[in-house]
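Asks: My questions will all concern the structure given below.
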2 protein chains.
Amino acid sequence: MSHVLKGMRIVEGSAFVAVPLAGMTLAQMGADVIRFDRIGGGLDAGRWPVAPSGQSLFWAGMNKGKRSIAVDMKSPEGQELITRIITAPGDDAGMFLTNLRVRGWMDHETLSKHRADLIMVTLMGDRHGRPQVDYTVNPALGIPDITGPDRYDEPVANALPAWDLIAGNMVVSSLLAAERHRLRTGEGQDVELSLKDVAAATLGHLGMIGDAMLNDAARGKSGNALYGAYGQDFLCADGRRIMVIGLTGRQWAALVKVTGTAEAIESLGRETGMNLRDEGVRWQLRERITAIFRPWFAGQTAAAAGRKLDDAGATWSQFRTVKEAVAEDPDLSPENPMFEMLHQPGLGTFPVPGAPATFSAHARKPAAKAPALGAHTEEILGDVVGMTDGEIARLFDTGIVQSPNFAVSRNVA
Amino acid sequence: MSHVLKGMRIVEGSAFVAVPLAGMTLAQMGADVIRFDRIGGGLDAGRWPVAPSGQSLFWAGMNKGKRSIAVDMKSPEGQELITRIITAPGDDAGMFLTNLRVRGWMDHETLSKHRADLIMVTLMGDRHGRPQVDYTVNPALGIPDITGPDRYDEPVANALPAWDLIAGNMVVSSLLAAERHRLRTGEGQDVELSLKDVAAATLGHLGMIGDAMLNDAARGKSGNALYGAYGQDFLCADGRRIMVIGLTGRQWAALVKVTGTAEAIESLGRETGMNLRDEGVRWQLRERITAIFRPWFAGQTAAAAGRKLDDAGATWSQFRTVKEAVAEDPDLSPENPMFEMLHQPGLGTFPVPGAPATFSAHARKPAAKAPALGAHTEEILGDVVGMTDGEIARLFDTGIVQSPNFAVSRNVA
């Protein structure tokens, strides 16, 4: 029962969300993932959130279970070393993920001279190679304009770096697809994608490009309502807020039944001459529907409403702050086998997630800590590059490589 | 130059975002993806947005390039047919993706009796098997509480179904990882993940669980600011809004330089005794910084500011509505080779995206239309199940299967 990607070796030169997440996702499936950084740490070494010590919780979250090597990337010797790590032999090696767009020594053309079957996946900002980040792609494509309550007329940006998270997962599947091809043919390749193209394609997949071109009325803000059918948030008597869903016919029927509003809903249908079993009608009449449902929620605590919603088979959840969710929801604690309570040196002790997917032919890989920066420098030079102890010692002596301690680099450039 | 997953065959029994997106992503990489639906269409057949005709733009977006078969899933004969499609022979077949949690005839235990090396990937709502959707998972984990301007004290839900989009991409990588294992060992397996676990793990990856447990001050709302460093939106003289980023040292230096505020920023550092080259200090002083930058943006049009930001090498973008983005941004048009202008019968003509990733060893697969519901029923019964014309004719006659026309099913249950 080893892990599903056991034996695969990936090298990662990265910063921030998408590519670090890609490497970490592969590590959580059992791959040996080597992240290299410049000495002192990369651009994301101090990324927030930070622990009370000032050390980055973000960095620790994104680099769990990887091996870390710290190299003087400006020196020719350091660049040669990274080249050797990326292109080291091994049937299940020769794979490189990056969002550092370095022309010359670290591009596919140059690297593949050292290993012809190299698979390299590069994530760019946009397809023109310009830097873009989640926080710029999102407003450019219009998502903030449709986010938030309709009485608030300014754009509202995502708090979640959704595009980065999606792009990181596409880096994973692109790599696995390219490696599948290599397993069959021996052929490596250069794979490229951009954050903005990922976002633009997604708008298309969701039907939003067709909607913008074909429909006169632009989709506006609709607060916390579920778009296109019924779903709404309600305040309960104890001030706690609940989200309920009436997307499918079954969910809708459960909501009407549990709230005891069948008669009022039927009379709304009669009055408007519209069929509320049609999800689009529920969307159009959502404010009227919400007014009918509201007293039921306002008349009881969230806990009481929740019990009845569960009994009725409704789809619902309770709004929480992140702090409340971590404190109250067993799914975010070690009660969920995905989590382990780990102590991360310099940070503290908290629940750390492993992979969400379970594979019946493989054991679940326990959640892992992040390495200290450079923690595996010596062993990587030995087992991957094949250097002798003497060669390794010389690299440490000349400062081409470094081992811990992970000095908190707050990216003071 | 065929496509990277050419020859692979996947069967999909699905609805809504995540699993349909997974199948479509595999189809865009060249796999033969067969989606089966009940006659009349599945739960998402009428999902919004819809075209002026009332037909679903969403369904068309999520099912591009698949083959479609419509089967009476309630009849034993229809269930047997679907079983035969899922477990049909072929080295590169025997893979099934689903979010329809059907115990009995369509679970892994039963299906794998017909094909021992079956790979099945199931996406659930939560790990307990309870139904959850993006709109319920997101508030339960606290994202709406940190979204929106700080002067607005209600939770603000994502307009983008981010968790579904992430989970769908994890379904893809889970499938490819499991198939990699099967290619080497012949062993199939049952892979399970849940939408809520995907979201909970992501909070952990981003450092938010550690933050909630270790830091007293909860992360609050911060409007359109980039969290943890500097990044902010500004109104220009023409009323257009721009987002600028000062996350890395280089980005920050470009911003200070282009706005001509070096002196004011330096004096802010002196006054506060804080080092603004530290990204966390920029976050703490963001309101003071924004006040210093604001006049530069307010004094010129967005176009003029944009030219100067480009010249300075700053990272920035302009806020647009989706309609404006589709009308104005060449990256969302066929000028971008990812898009093709396609006519989708019953919907209209608009730019349709192919895959964001390009593979140097493979041609880019042109963007494809969605099938009409059941359009490939006859050919799938022939080439996948291996039925004779007579057997196929009988299934049509008895209503066990159906071919177009794709009657608009608005999910009127």
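Asks: Compare the Cα positions of A:A177, A:P353, A:V258 along the charge dipole of chain A (+1 at Cβ of Lys, Arg; -1 at Cβ of Asp, Glu; about the Cα centre) and return the one farthest towards the positive end.
Replies: Of the listed residues, the answer is A:V258.
Asks: What residue among A:K64, A:K365, A:K308 shows peak mean-square fluctuation when chain A is described by a Gaussian network model with Cα springs under 10 Å?
Replies: Result for chain A, Cα springs under 10 Å: A:K308 fluctuates most.
Asks: Can you give me the Rg/Rh ratio for segment B:163-252, using Cα atoms for both radii and the Kirkwood formula for Rh?
Replies: Here Rg/Rh amounts to 1.18.
Asks: Which of the lysines could be linked to B:K66 by a straight reach, that is with a Cα gap under 17 Å, when you skip same-chain ones fewer than 8 residues away?
Replies: Straight-line reach from B:K66, under 17 Å: B:K6, B:K365, B:K369.
Asks: Return one number: the angle in degrees, 0 to 90 and rounded to the nearest 10, between the long axis of the Cα atoms of helix A:76-86 and the longest principal axis of the Cα atoms of chain A.
Replies: 60 degrees
Asks: Among A:A291, B:L373, A:G78, whose Cα sits farthest toward the positive end of the charge dipole of the protein assembly as shown (+1 at Cβ of Lys/Arg, -1 at Cβ of Asp/Glu, about the Cα centre)?
Replies: So the residue furthest toward the plus end is A:A291.
Asks: Every other copy gets compared here: list the nm distances from the B:G54 label point (7 Å along Cα to Cβ) to its counterparts, shortest first, one decimal.
Replies: Label-point separations across copies, in nm and ascending: 6.6.
Asks: I would also like to ask the following. Which ordering of B:D278, B:D383 is given by a fewest-first count of other beta-carbon atoms within 10 Å?
Replies: The most exposed by this proxy come first: B:D383, B:D278.
Asks: Going by alpha carbons, how many degrees (0 to 90, nearest 10) lie between the helix axis of A:302-311 and the longest principal axis of chain A?
Replies: The two axes meet at around 90 degrees.
Asks: To continue, here is another question. Kindly provide the GluC sites (Glu not before Pro) of segment A:323-371 that DSSP labels as loop, not H, G, I, E or B, and whose Cβ sees at most 14 other Cβ atoms within 10 Å.
Replies: A:E335
Asks: Within a 10 angstrom radius of the beta carbon, how do A:Y230, A:Y152 rank from fewest other beta carbons to most?
Replies: Going from sparsest to densest Cβ surroundings: A:Y152, A:Y230.
Asks: With a 10 Å cut-off between alpha carbons and a GNM built on chain A, which of A:G168, A:G382, A:G46 moves the most?
Replies: Answer for the Gaussian network model of chain A: A:G382.
Asks: With charges only on Cβ, +1 for K and R and -1 for D and E, what is the dipole size of segment A:241-318 about its Cα centre, in debye, rounded to 20?
Replies: Around 140 debye, computed over segment A:241-318.
Asks: Hey, another quick one. Using Cα-Cα distances under 8 Å and only pairs 6 or more residues apart, what relative contact order does chain A have, in percent?
Replies: Across chain A, relative contact order equals 21 percent.
Asks: Which aspartates and glutamates, on any chain, are close to B:K113 with Cα under 20 Å apart, when same-chain ones fewer than 8 places away are left out?
Replies: B:E12, B:E77, B:E80, B:D91, B:D92, B:E179, B:E187, B:D190, B:E192
Asks: Only four residue types carry charge here, +1 at the Cβ of Lys and Arg and -1 at the Cβ of Asp and Glu. Report the dipole size of chain B about the Cα centre in Debye, rounded to the nearest 20. Intermediate values should be presented prior to the final figure.
Replies: Values: 42 positive and 48 negative charges, 108 e Å.
The calculation lands at about 520 debye.
Asks: Further question on the same structure: Name the residue farthest towards the positive end of the dipole of chain A from the options A:H3, A:M387, A:N138, assuming +1 on Cβ of Lys and Arg, -1 on Cβ of Asp and Glu, about the Cα centre.
Replies: Working it through, the farthest residue towards the positive pole turns out to be A:N138.
Asks: Moving to a separate point now. On a 0 to 90 degree scale, rounded to 10, what angle separates helix A:195-205 from the longest Cα axis of chain A?
Replies: It works out to around 30 degrees.
Asks: Next question, about the same structure. Treat the count of other C-beta atoms within 10 Å as a stand-in for reagent exposure and order A:D37, A:D310 from fewest to most.
Replies: A:D310, A:D37
Asks: What's the magnitude of the charge dipole for the protein assembly as shown around its Cα centre, counting Lys and Arg as +1 and Asp and Glu as -1 at the beta-carbon? Answer in Debye, nearest 20.
Replies: Dipole size: approximately 580 debye.
Asks: Shape call for the protein assembly as shown from the C-alpha gyration tensor, a ≥ b ≥ c root eigenvalues: rounded (a/c under 1.5), prolate (a/b greater than b/c) or oblate? Write out the running numbers ahead of the final one.
Replies: Values: a/c = 1.59, a/b = 1.20, b/c = 1.33.
Oblate, because a/c is 1.5 or more while a/b does not exceed b/c.
Asks: So which residue, out of A:V191, A:V256, A:V33, gets the largest mean-square fluctuation from a GNM of chain A using Cα contacts under 10 Å as springs?
Replies: A:V256
Asks: Copy-to-copy spacing for B:S360, label 7 Å out on the Cα-to-C-beta vector, in nm, shortest first?
Replies: 4.0
Asks: Still on this model: Using a Cα-Cα cut-off of under 24 Å, which lysines could be cross-linked to A:K308, ignoring same-chain neighbours fewer than 8 residues away?
Replies: Result set, ordered by chain and number: A:K257, B:K196.
Asks: In square nanometres and to one decimal, what's the mean projected area of the convex hull around the Cα atoms of segment B:1-69? Let's see the in-between values first.
Replies: Values: hull surface 19.5 nm².
In nm², the orientation-averaged hull projection of segment B:1-69 is 4.9.
Asks: State, to one decimal in nm and shortest first, how far the label point of A:G273 sits from each corresponding label point in the other identical copies (label point: 7 angstrom along Cα-to-Cβ).
Replies: Ordered by distance, the counterparts are at 7.4 nm.
FYI, it's all coordinate maths here, none of it is from the lab. Since the structure is predicted, the reported quantities are computational estimates derived from the model, not experimental observations. So basically every Cβ, Gly included, is an ideal-geometry build from the backbone, and we count neighbours across all protein chains shown.
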